[in-house]
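Only the coordinates and a few stated rules stand behind these numbers; no lab work does. The structure presented is a predicted model; accordingly, all values stated were derived computationally and were not measured. Positions of Cβ are backbone-derived with ideal geometry, glycine not excepted, and every protein chain shown enters the neighbour counts.
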Amino acid sequence: MAVRKPAAKGAREGAEERLLVEAAQNDPAKFGDLYDIHFERIYAFVARRVRDRDKAEDLTSEVFHKALANLKRYEWRGAPFAAWLYQIAANAISDYFKRAAREPNHAGKPAEGSGEPEQEGLEDQAWLFRLVEKLPDDQRRVVFGRFVEQRSVREIAEQLGKTEGAVKQLQFRALEKLRSQMEGAHG
């Protein structure tokens, strides 16, 4: 069946990434490989939210610095390493907007772009990343693939070695679980 070959490729890539993470955990000098693989995606994620090139560069640097500093505590759970980096990035962006809201600019006005609704959205996004991390492995991989990596159902099915219907069902269950957790928390 043609589905098996791409699934093996996805599993192989996951295994390769896991080996890179383990190598970096044993020798921090090898973190550069992970940095090279994920830098552009993390920078783009930060830049879309901050919209200031210098600040995006600073925050992206902070994300990778925190990742390297905490790499020994990272546990492989089957989700791509990038999911952990996105969570660190969402938290760094949230912290940045909190700091910006507290620090007036030179004219004594709050820093531009530090509005309350945007800050709440970033905090919700960081919280959502934490909820996604708690999903069962297959559901987490589907949600990450669909909404972070923007892959099609077909691509994810091939990567996981499942039918498209099974991937749609995993996505549905994951979104229902996330929805119920969010509604439960917000009343």
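Values as computed for the structure displayed
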{"quantity": "Residues ALA29 and LYS98, FRET efficiency given R0 of 30 Å [Cβ-Cβ distance, rounded to 0.05]", "calculated": "0.35"}
{"quantity": "Separation in nanometres of the label points that stand 7 Å from Cα toward Cβ, at ASN70 and ARG48", "calculated": "2.2"}
{"quantity": "Cross-link pairs beyond the 22 Å C-alpha cut-off, checked among LYS30/LYS162; LYS98/LYS177; LYS134/LYS168; LYS66/LYS177; LYS72/LYS162; LYS66/LYS98", "calculated": "LYS30/LYS162; LYS98/LYS177; LYS66/LYS177; LYS72/LYS162"}
{"quantity": "Packing-based exposure ordering (other Cβ within 10 Å, fewest first) of GLU62, GLU133", "calculated": "GLU133, GLU62"}
